[in-house]
Each structure stands twice: as structure tokens, then as C-alpha cells.
1. Restricting to the stretch 178-226, count the residues that are touching a strand residue (DSSP E or B) at 6+ places or on another chain (Cβ under 6 Å), within 23 Å of residue 332 (Cβ to Cβ) and either loosely packed, with under 15 Cβ neighbours inside 10 Å or among the polar types (S, T, N, Q) (or both).
2. In the stretch 254-272, which residue that is over 16 Å from residue 296 (Cα atoms) and of a type in the set (A, V, I, L, M, F, W, C) is surrounded by the most Cβ atoms within 10 Å (Cβ to Cβ)?
3. For the stretch 332-363, give me each residue that is assigned to a strand (DSSP E or B), of a type outside the set (D, E, K, R), modelled with pLDDT of 95 or more and in contact with a helix residue (DSSP H, G or I) (Cβ under 8 Å, 6 or more places away or on another chain).
4. Out of curiosity, is residue 59 modelled with pLDDT under 95, assigned to a loop (DSSP other than H, G, I, E, B), of a type in the set (A, V, I, L, M, F, W, C) and closer than 30 Å to residue 267 by Cα?
5. Regarding residue 294, is this residue buried (at least 24 other Cβ atoms within 10 Å of the Cβ) and in contact with a Lys or Arg (Cβ under 8 Å, 6 or more places away or on another chain)?
6. Among all residue pairs at least 6 apart or on different chains, which show Cβ distances below 7 Å where the first residue, located in the stretch 238-249, is under 16 Å from residue 270 (Cα atoms) and the second is polar (S, T, N, Q) and not in a loop (DSSP other than H, G, I, E, B)?
7. Output the strands (runs of 3 or more DSSP E) that fall wholly within the stretch 149-213 and possess 1 or more residues being under 30 Å from residue 86 (Cβ atoms), in contact with a helix residue (DSSP H, G or I) (Cβ under 8 Å, 6 or more places away or on another chain) and not hydrophobic (A, V, I, L, M, F, W, C), or say none.
8. Being under 16 Å from residue 272 (Cα atoms) and modelled with pLDDT under 90 is true for just one of 406, 386, 400, 417. Which residue is that?
Amino acid sequence: MSTPESRRKFLTQGAAATAGLFAAGTALGQQTEKTSRLNNAGESRASNPKNEEFPRMHAGLGGPVGSPTDRGKLVNGFRKENLEPVPMVTPDLAKLPFKMVNGVKEFHLRPMPVQRELLPGQTFHFYGYNNSMPGPTIEVIQGDRVRIVVHNELPEATTVHWHGLECPCDMDGIPFVTQEMIAPGGTFVYEFTVHQAMSMAYHAHVGMQEAAGSIGMFIAHPKIALNPPVDHDFGMLLQQFNIGPNSNVVNTMAMDWNYLTLNGRCGPYTTPLLVRLGSRVRMRFFNFSTLHQHPLHFHGHTGWLTGTEGGRIPETAWTPLNTVRIGIGEIREVEFVANNPGDWVMHCHMFHHTANHMVSQVGPHIRDPQMDEYKKVPVFPQLMQGKMPMNPMMMKKIKGRRETQGMTKEWFKGVKGMMTVIRVLPDELYTKITRTNLPIPTGASLFSE
């Protein structure tokens, strides 16, 4: 669990990144860009006509269907064009550090048994990398020469496959097909030049290890940001697990599930995504569940499907949507202009995927069949019972995070399972939350027309 100091540092760096400030030590380099000036409405003074034709500060469709401003399709964010891309933010997950060795970016990846707290007080055993499940995100630039030294700390042999990467065949990480497996305590060096710019992943190519959590995100940014440039770039990895009511170990043999996670956490323990009102946002979804597709639905906005695990889609083939279906092993990228202020949930629309740790109860129904309501309406929905109630210390882990300040008093009751919140905040409130420790009134981000 991160400390308040590290969380404040993360928020400050995230806010800086959206203004175009590149923090030292990130995978994107150390260049610093000055923040574009904003007018009273919060819009960039850059004289791009698309910025003037789209309702950046309130909900609206923009120009006619097929036009550049149609539902914000080609509307720029606050950042200017021809700059480096912003780093991708992976809520609740760290980045894998690297060092430069004779012009090569060298990473050290350690497959190992790990523990992960999916919900406060509910910590379970998984496989992961570098003390994390999912593993830390690897972030590089198109054209980089990359060396990834894998130190196997698992009790069994493994490999690492680079999902979507066009690497040399002997670097593909397939047991016995392209390499001998890495024995426990052994080391293997993967090295290649990354010529693509897209969303990818890395994972063990041993089925049960994948089901136990051996997966991470791998991002290759272009040297210059794609147009329209985004202000915020988020990565979300989707997983599902079966953990029995009396167990603390994931069941990799099961063909059903009862825990649905985003970046290794269940709602409401998922950290909200904070974005500045009027900014352009990219969301990258990686589905590495064992069994199910996930139709991710985001409220309050309409976006465009702009990329897959195959890379950028041509603009003429972009599709408007607010629900994106991600099949197993697929990656989808969606972009939208955050022009509707408020706290907007984003969730899988398979109904059982928005409930936490469901377990079977004795009897045909959970609700009391003697209830008057049940007698009148036999189909009265069942209750979703969890493993344990949350005590005040557990609740503090959810409500005490800076990213949740200003939300309604009991927001957490409506966020469960594969669900999080996108917080679209006016400039003053966004800055106050991300760059200060000032108190934020409850309900400050609940807006009306």
C-alpha cells in the first residue's frame, strides 16, 4: 500500500504530465515542455479551429456527422502538436524501471509468487512480477533497443511472451518452440529493437501461470505524439479470478470466477481516473481474463475506437461508442474529449461483473422468501453477499485516498467489481486535488445543468 507522501507525489507528477511536463526518470525521457496558456474558459490559446467548434466545457455533439469535430473525433486536447507523448498512467500499478547500458534500455523482470490486496482486508496469493500482480508496466519509445533480463523466482519453470510484439522468433518466449524454459533460479535475456508504436503486453506462456496472474502491460510510444495529441493516457488491465470462500489462493483450474479486477483491484478499491475538464483522454484496455469478454461502458461521454492490439486504426475507420467490447487477449484504445464535468463510472456491462466476491449460498434464494416484497414479486433479485464487512480501517483505505476527495458521501456503495470512476474536474478543482493538500468539500464534483 502506498504512503500518503508517495500518493501525493504521484498525483503531482500526474497533474504535471497532463500539462506536458515530463518527469525525470520516466521511460519517455527527461524533456520539459512549458504549459500552454489557458484563457478564462480553460481552453488552449493554440489557434486550432477544431478547438473553437467543439463544446469543450460542457456536453455537446460538435459538428455534423463525419466532420472533424463530430463527437470530438479530431478535437485536440490542451497540448500542442509535434511534442513527445505524455507518459501512460496505470492506476494502482508501478512502472518497471530501466537503466541505459551502452545505448540499450535494460529492464530486470522477476517472475515470483506475490500477494495482492484486491479489496481492503482481502489479500490473496498469486503469481506476478517484481512483487506486483499484475506486473509493473514496461514503457518504451518506438525504435528503442530493449534488453529484458528475466530472473525466475518461481518454484517452477517459466517463459515470458511479448504479446503483439514483432520480435525475432527466438525472443518470442514460447516453451520448447522458441526456447527452453527458464528453470527456477535461472536467468534468460530477451533483447530486441521495438519498431512498433502501440499497446502490447507481456505474460507467461504457461496457461496456469497466466490464470494465476502472470501478466503486465507493455507500451511502445511513438517519438512524437499521435494527432490529435492527448492530455491524459491511462492503461487498464482486466482480469478475473476464482477464489473459494475459505481460500486465499487463486484456483487456476476453475472455469468460473468471483473476483473481477482492474489493474489488480476490485471496485471500490480501484483508484479513480482524474482528468481535467476539456482535455483529450486516451484509455487503453487490456483483457487478460481467463474466460470472458468484457464490454466496458463509460458514462457521460462518447468516444472513438482508435486502436487495437494491432496498432493505430486509420481515422476513416474509427467508430464512435461508449461501450467497447474487449475479447480475451485483445487490446482496445478509446479516445474522447472530457467535456462533461462530474464523477462518471466506468464498468463492465456484464451484470455479474459489477458485484464483488460472489459466493454460493445454501438454498435456492438468498433473500428471505417470507418477505412481503418477495411474495408479491417472485423474481425479486437476489442479494450479492460478500466474504466480510469492512471495518473503519478498511474503509479508510477507500475513502482516505486523495483521488476520492470531493466525491459524494457514500459513492463507494455504487462501485463494485470491474468498475472505477472517471472524474472530470474543472481546472480549479483538478488543481486543488492533485497539487495541494487542502480539504475538499463532500460532493464538490457533483454537478448539475
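1. 3
2. If we take residues in the stretch 254-272 being over 16 Å from residue 296 (Cα atoms) and of a type in the set (A, V, I, L, M, F, W, C), then 257 is surrounded by the most Cβ atoms within 10 Å (Cβ to Cβ).
3. Selection gives 336, 337, 345.
4. Criteria met by residue 59.
5. On the way: buried (at least 24 other Cβ atoms within 10 Å of the Cβ): yes; in contact with a Lys or Arg (Cβ under 8 Å, 6 or more places away or on another chain): yes.
Judged against the criteria, residue 294 is a match.
6. 238/287; 239/261
7. Output list reads 187-193, 198-203.
8. So the residue among 406, 386, 400, 417 that is under 16 Å from residue 272 (Cα atoms) and modelled with pLDDT under 90 is 417.
The values are calculated or read from the model by the stated rules, or taken from the named source; none is laboratory data. What you see is a predicted model, and the numbers here were worked out from it, not measured in a lab. In this analysis, Cβ positions are derived from the backbone assuming ideal geometry, glycine residues included, and neighbour counts consider all displayed protein chains.
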